[in-house]
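**Student:** This is the structure, below, for whatever I ask next.
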Amino acid sequence: MFVPCGDSAPDLAGCTLLMPAVSVGNVGQLAIDLIISTLNMCKIGYFYTDCLVPMVGNNPYATAEENSTELSTNAEVYALPSRKLVALQLRSIFIKIFFLCCRWYTKYKSKPFCEKLLSWVKSSGCAKVVVLSSSHSYHRNDLQLRSTPFRYLLTPSMQKSVQNKMQSLNWEEMEKTTCIPEIDESELCVRIPGGGITKTLYDEGCSKDIPVAVLLKFVSEGDNIPDALGLVEYLNEWLQMIKPCVQRDGPTAAALPWKIPSSWRLLFGSGLPPALF
């Protein structure tokens, strides 16, 4: 599944894997873009998989004309060895398959992808997986509406090592809700509407005893760049990837210096042509 860029596979033992879920507003993918661009992470390989829609494009993190023509694919892996950080960026959706059983059914190849991914995580020796995701804001209950829009989830093996840290940050864990909406008598479970593979990764991490943390934000579709910035700053409270710049004219800290990728210049198209006016 993982194909290294070099002749030999990189040593990922003890690394933290950061990855997005293709979820509402693409917030997780935008957040991973910010992390890769800001930390200047280098590409170490890619995933060769039949679970994702194939795609190819130019280098989304180009800093000069010389490296702008480098190709990017649907699932690439970046690393920052000095900080023991690895980032997986997903750039396409999961393939939908059709099958006939008395009637036509459809399903996505997301579960096989999650299984293969976590098997690779285990074999490569990564210490933990952090999934950046989002969920539909209109599905919030009254308690969630009155509190922070950020939530976290930890698998049992992850709770042992970081639960105290989360509590010290005053973070709020994702609440369990009724498995069948609007039926109060149904069992309670974790539901992440609009979260894509988030719930599958969490469930697989629980069953395979893999340390997985999910960080998500309740959002709505639209310009989700502010949501992505909020999510990476939420993550940075825990992992301390970058430190805020201190202003020279005072002791207060400025906003974190996140670097916007060059590919975001055309995130919403090239603008309206002047000939229209």
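The values are calculated or read from the model by the stated rules, or taken from the named source; none is laboratory data. This structure is a prediction, so every number in the text was calculated from the model and none was measured. Don't worry about glycine lacking a Cβ; one is built from the backbone with ideal geometry, like all the others, and counts go over all protein chains shown. The area values use the complete protein model at the heavy-atom level, side chains included, leaving out ligands, DNA and RNA. Shrake-Rupley method; radii C 1.70, N 1.55, O 1.52, S 1.80 Å.
**Student:** Kindly evaluate residue 134 against the criterion of being at pLDDT below 95, touching a strand residue (DSSP E or B) at 6+ places or on another chain (Cβ under 9 Å) and surrounded by 12 or more Cβ atoms within 10 Å (Cβ to Cβ). Working first, answer last.
**Tutor:** Working: at pLDDT below 95: no; touching a strand residue (DSSP E or B) at 6+ places or on another chain (Cβ under 9 Å): yes; surrounded by 12 or more Cβ atoms within 10 Å (Cβ to Cβ): yes.
So residue 134 does not fit the description; no.
**Student:** Which of the residues that make up the range 5-24 are within 21 Å of the chain's Cα centre (by Cα) and either part of a strand (DSSP E or B) or of a type in the set (D, E, K, R) (or both)? Write out each step before concluding.
**Tutor:** Narrowing the range 5-24 to residues within 21 Å of the chain's Cα centre (by Cα): 12-24.
Within the range 5-24, 16, 17, 18, 19, 20 qualify.
**Student:** Being open to solvent by less than 50 Å² (accessible area, probe 1.4 Å), more than 17 Å from residue 87 (Cβ to Cβ), small (Gly, Ala, Ser) and touching a strand residue (DSSP E or B) at 6+ places or on another chain (Cβ under 9 Å) is the filter here; which residues of the range 211-233 pass it?
**Tutor:** 230
**Student:** Is there a residue being in a loop (DSSP other than H, G, I, E, B) and either surrounded by fewer than 19 Cβ atoms within 10 Å (Cβ to Cβ) or of a type in the set (A, V, I, L, M) (or both) anywhere in the range 77-87? Please lay out each step first, then the result.
**Tutor:** Our first condition is that a residue be in a loop (DSSP other than H, G, I, E, B); within the range 77-87, this holds for 84.
Adding the requirement that they be either surrounded by fewer than 19 Cβ atoms within 10 Å (Cβ to Cβ) or of a type in the set (A, V, I, L, M) (or both) leaves 84.
Yes.
**Student:** For the range 218-232, does any single residue satisfy the condition of being in a loop (DSSP other than H, G, I, E, B), on the phi > 0 side of the Ramachandran plot and of a type in the set (Asp, Glu)?
**Tutor:** Scanning the range 218-232, I find no residue that is in a loop (DSSP other than H, G, I, E, B), on the phi > 0 side of the Ramachandran plot and of a type in the set (Asp, Glu), so the answer is no.
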